[in-house]
Amino acid sequence: MGAVHSFALEDVKGFLTSATVRRLLTQALLDVPLFGTQWRWNATTALAVQRYRGGNKIPPQFQRSAAEDLVALIFPDQLACLENLQGEREIPDHPLVTQTLVDYLTEVMDVAGLERLLGYIESGAVAVIARDLASPSPLAEEVIGARPYAFLDDTPAEERRTLAIRPQGLVDREQAARLARPDPAAVVRVREQAWPSISDPDELHDALLLAGFLTWDELGAGVGLVTQLTAERRAVRQSPGVSGTDPGRGSRPAVGSACERSGAGPGGAGTGGLRRARPLRPGPGRRAMV
């Protein structure tokens with residue numbers, strides 16, 4: 001954009017407000033070609049437009065013409081040219097018009113959710129951060145490459161200004177590395193969500209089967225359940241480099257499943273050390289499938 005049409009990126013979040021978005025979206029909806037489709041559906045459902053005549057089905061093009069005649073009779077502003085209108089279209093209080101608008105605003109769209117989101121932005125509960133990047137964001141690329149039916153007007157696809165936008169890759173290595181760097185807070189939050197919740201011996205045993213072994217610090221609330229599992233021969237306790245079964249709390253022991261102990265099975269004690277569950281290695285069959 002040039003200097004005349006440019007604007008600050010931070011101003012975009014103020015283009016729509018929760019108090020006026022429903023009215024603006026309703027006026028924009030009247031220009032969408034899909035309005036006629038939903039209008040024709042509601043008109044035929046309400047028997048305002050005939051589907052059959054003399055026992056024969058009326059051709060679709062005739063039904064479409066009858067639906068347009070009904071719109072011109074009930075809602076003439078919907079078919080009027082914008083050059084002949086002053087201000088907003090006046091929406092009549094008619095059941096078919098009301099039902100058509102409600103169907104689009106609540107079923108095809110989610111105007112109530114949009115109003116809530118804009119309210120959160122206005123109150124500060126949702127923060128909008130503007131960044132000037134060398135390449136469009138994933139959301140901007142979706143808007144640029146949207147299908148023709150996603151636009152509010154009926155301009156041919158070859159005449160749209162979005163065709164003049166050529167997305168470019170992130171040629172700056174520092175910028176690409178900065179965008180690809182994960183948020184440390186998000187990493188910590190995901191790790192906390194993925195960490196198993198240990199509240200009984202069975203959940204502790206499942207966690208040991210998944211991880212192979214857990215250190216004393218990793219057990220957290222499951223420390224008090226270790227004695228019961230070791231008594232049931234479902235887990236073993238061992239310190240690094242020590243093959244004993246009760247090293248004590250001071251030597252930072254590790255607790256593991258009895259099945260993950262080297263040389264140990266469900267019925268044997270074994271003398272090997274604990275080991276993490278080994279990841280699966282892709283065999284020839286898996287590589288062939290991929």
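The values are calculated or read from the model by the stated rules, or taken from the named source; none is laboratory data. Note that the structure is a prediction, hence the values are computed from the model and not measured. Note that each Cβ is placed from the backbone with ideal geometry, even for glycine, and that neighbours are counted across all protein chains shown.
For the stretch 164-181, which positions are at pLDDT below 75 and either surrounded by 11 or more Cβ atoms within 10 Å (Cβ to Cβ) or in a loop (DSSP other than H, G, I, E, B) (or both)? Result: ILE165, ARG166, PRO167, GLN168, GLY169, LEU170, VAL171, ASP172, GLN175, ALA176, LEU179. When VAL32 is tested against (1) part of a helix (DSSP H, G or I); (2) surrounded by 16 or more Cβ atoms within 10 Å (Cβ to Cβ); (3) hydrophobic (A, V, I, L, M, F, W, C), only condition (1) is not met. When each of ARG53, ARG40, ARG64 is tested for being more than 26 Å from SER18 (Cα to Cα), crowded, with 16+ Cβ neighbours inside 10 Å and among the charged types (D, E, K, R), the lone residue that passes is ARG40. Pairing residues of the stretch 110-130 that are on the phi < 0 side of the Ramachandran plot with residues that are assigned to a helix (DSSP H, G or I) and of a type in the set (S, T, N, Q), at Cβ distances under 6 Å and at least 6 apart in sequence or on separate chains, gives no pairs at all.
So is GLU68 among the acidic types (Asp, Glu), within 16 Å of LEU24 (Cβ to Cβ) and touching a residue at least 12 places away in the same chain (Cβ under 8 Å) or not?
Answer is no for this residue.
What are the residues in the stretch 121-132 that are surrounded by fewer than 13 Cβ atoms within 10 Å (Cβ to Cβ) and of a type outside the set (Gly, Ala, Ser), if any? Matches in the stretch 121-132: VAL128, ILE129, ARG131, ASP132. Taken over the stretch 123-138, the criterion of being touching a Lys or Arg at 6+ places or on another chain (Cβ under 9 Å) and modelled with pLDDT of 80 or more is satisfied by VAL128, ALA130.
The number of residues in the stretch 139-157 that are modelled with pLDDT of 75 or more and over 27 Å from the mean Cα position of the chain (by Cα) comes to 1.
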